[in-house]
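Here is the structure we will look at, set down as structure tokens.
The values are calculated or read from the model by the stated rules, or taken from the named source; none is laboratory data. Here the structure is a predicted model, which means the values were calculated and not measured. Here Cβ is always computed from backbone atoms with ideal geometry, including for glycine, and neighbour counts include all displayed protein chains.
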Amino acid sequence: MSFSRYDRQIILKEFGPKAQDKLASARVLVVGAGGLGTPVLQYLNAMGVGHLGIVDGDRVQASNLHRQVIFTEKQVGNYKVAAAKYFLQNQNSQTIIDTFCEFLNEKNAIELISSFDIVVDASDNFPTRYLVNDTCVILKKPFIYGALYGFEGQLSVFNYNEGPTYRCLFPTPPKADEIPNCDTQGVLGVLPGIIGNLQALEVIKLITGIGTSLSGKLLIFDALEQQYHQFHIHKKHENSQIYTLQKSYAIACAVPIHTIDAKTFLKLHQQEALQIIDVREPDEVKNAPFTGALNIPFQQLSENIKGEFLGTVVYFLCQSGVRSAKAIKQLQEHYPNTKFISLEGGFNALLTYEY
């Protein structure tokens with residue numbers, strides 16, 4: 001390790017060469033290489049964290065570029081983990097970087113997380129957050145939580161030194177109709193950078209032991225008012241008593257709907273012509289199309305579906321399964337003679353298989 005490279009932080013008397021050595025020996029897994037994950041990776045890599053892991057199965061989209069600033073226009077369509085690794089290796093060639101071009105799920109979570117010291121939850125959906133939490137509780141790993149909502153950001157440290165877990169703050173996942181649509185609510189480009197950098201700071205604190213971590217506290221940042229607020233999180237002992245993962249972390253719908261798993265869906269798709277409506281945004285479809293599907297973006301669904309012939313069975317597809325479930329709930333009352341089926345896990349689930 002070149003100490004001259006990190007001289008400006010090593011000369012801090014509260015930091016010093018011992019803290020730099022701890023960074024060099026640390027192994028940090030970042031779940032999600034999006035708006036939060038990219039600033040986390042950029043700064044941990046620059047500051048000398050020796051081993052970084054990146055988990056993400058998504059591709060770079062043009063709509064990512066206003067906030068995921070390590071990606072370029074030429075990388076649109078490339079897998080995010082590959083694009084991120086390219087940037088990070090050019091930024092700091094001394095870092096060991098492991099990439100996992102897949103989404104975290106019930107089958108791979110234990111294996112992926114077990115070999116790292118700290119996990120950064122930079123995901124953008126509730127199923128992954130609960131999965132990260134439960135896996136970290138089982139493996140006794142701390143994780144850094146970050147989330148965005150409109151002009152607000154949230155931050156905390158969970159499962160650290162027997163502190164509160166994510167379920168102490170949010171005991172159970174919301175229902176599908178209670179979740180804002182991440183693709184339509186929007187996000188101010190600079191906000192993920194602010195929260196992501198705060199997540200990186202908490203990682204540095206945990207590795208080196210400097211300062212006071214946010215364990216047991218929830219930090220809320222109001223971007224419009226430039227204000228920070230902290231709230232205490234009460235630990236509930238039963239939330240630390242998790243020994244196995246759930247079979248599924250899919251979000252429940254308030255109104256029951258029919259679903260189909262990716263493997264069964266692909267088998268049917270190969271055997272017969274299915275009527276499939278893809279409710280993703282055009283930019284998402286362009287970078288990851290699904291042959292045979294009609295694209296009607298979720299926001300335009302109620303208006304444009306009226307001009308389409310609907311058969312007795314119609315399959316709905318989105319990126320993660322949330323919008324397709326919402327679409328079915330929106331339509332099934334008005335089309336009682338049609339059976340609507342949502343692809344569980346959405347397009348993300350299809351990436352596990354070759355099609």
For this session: Under 7 Å between Cβ atoms, at least 6 apart or on separate chains: pull out the pairs that start in the stretch 8-24 with a residue that is within 19 Å of ASN45 (Cβ to Cβ) and end on any residue that is of a type in the set (Phe, Trp, Tyr) and part of a loop (DSSP other than H, G, I, E, B).
Result: GLN9/PHE15
Problem set entry | Out of GLY53, GLY77, GLY35, sole residue that is touching a Leu at 6+ places or on another chain (Cβ under 9 Å) and either part of a loop (DSSP other than H, G, I, E, B) or among the hydroxyl-bearing types (Ser, Thr, Tyr) (or both) | GLY35
Seminar exercise, completed: When the stretch 234-252 is checked residue by residue, the ones that are farther than 17 Å from PHE143 by Cα and among the aliphatic types (A, V, I, L, M) are ALA250, ILE251, ALA252
Exercise. Of all residues in the stretch 195-250 being hydrophobic (A, V, I, L, M, F, W, C), within 25 Å of PHE103 (Cβ to Cβ) and touching a Gly at 6+ places or on another chain (Cβ under 7 Å), which is surrounded by the most Cβ atoms within 10 Å (Cβ to Cβ)?
Worked result: ILE195
For this session: Quick one: count up the residues across the stretch 322-352 that are of a type outside the set (S, T, N, Q), over 14 Å from ILE305 (Cβ atoms) and in a loop (DSSP other than H, G, I, E, B).
Result: 4
Exercise. Within the stretch 156-173, is even one residue touching a Gly at 6+ places or on another chain (Cβ under 9 Å), surrounded by fewer than 18 Cβ atoms within 10 Å (Cβ to Cβ) and assigned to a strand (DSSP E or B)?
Worked result: no
Seminar exercise, completed: Note on LEU12: of the conditions (1) of a type in the set (A, V, I, L, M, F, W, C); (2) surrounded by fewer than 18 Cβ atoms within 10 Å (Cβ to Cβ); (3) outside any loop (DSSP other than H, G, I, E, B), unmet is (3)
Exercise. Given SER342, SER320, SER302, which one is hydroxyl-bearing (Ser, Thr, Tyr) and at pLDDT 90 or above?
Worked result: SER342
For this session: Check the stretch 15-24 and report whether any residue there is touching a Gly at 6+ places or on another chain (Cβ under 7 Å) and either buried (at least 24 other Cβ atoms within 10 Å of the Cβ) or not assigned by TED's automatic domain parsing to the domain that holds ILE144 (or both).
Result: no
For this session: Among the helices (runs of 4 or more DSSP H) lying completely within the stretch 223-321, list those that include at least 1 residues that are within 21 Å of GLU106 (Cβ to Cβ).
Result: 262-271
Exercise. Conditions: (1) surrounded by 16 or more Cβ atoms within 10 Å (Cβ to Cβ); (2) in contact (Cβ under 8 Å) with a residue 40 or more places away in the chain; (3) within 17 Å of the chain's Cα centre (by Cα). ASN92 meets all but one. Number of the miss?
Worked result: (3)
For this session: Identify all residues within the stretch 63-74 that are part of a helix (DSSP H, G or I) and of a type in the set (Lys, Arg); write none if there are none.
Result: LYS74
Problem set entry | the stretch 100-146: number of residues that are part of a strand (DSSP E or B) and surrounded by fewer than 19 Cβ atoms within 10 Å (Cβ to Cβ) | 1
Exercise. Restricted to the stretch 174-194, and to residues that are touching a helix residue (DSSP H, G or I) at 6+ places or on another chain (Cβ under 8 Å) and modelled with pLDDT of 95 or more, which residue is surrounded by the most Cβ atoms within 10 Å (Cβ to Cβ)?
Worked result: PRO192
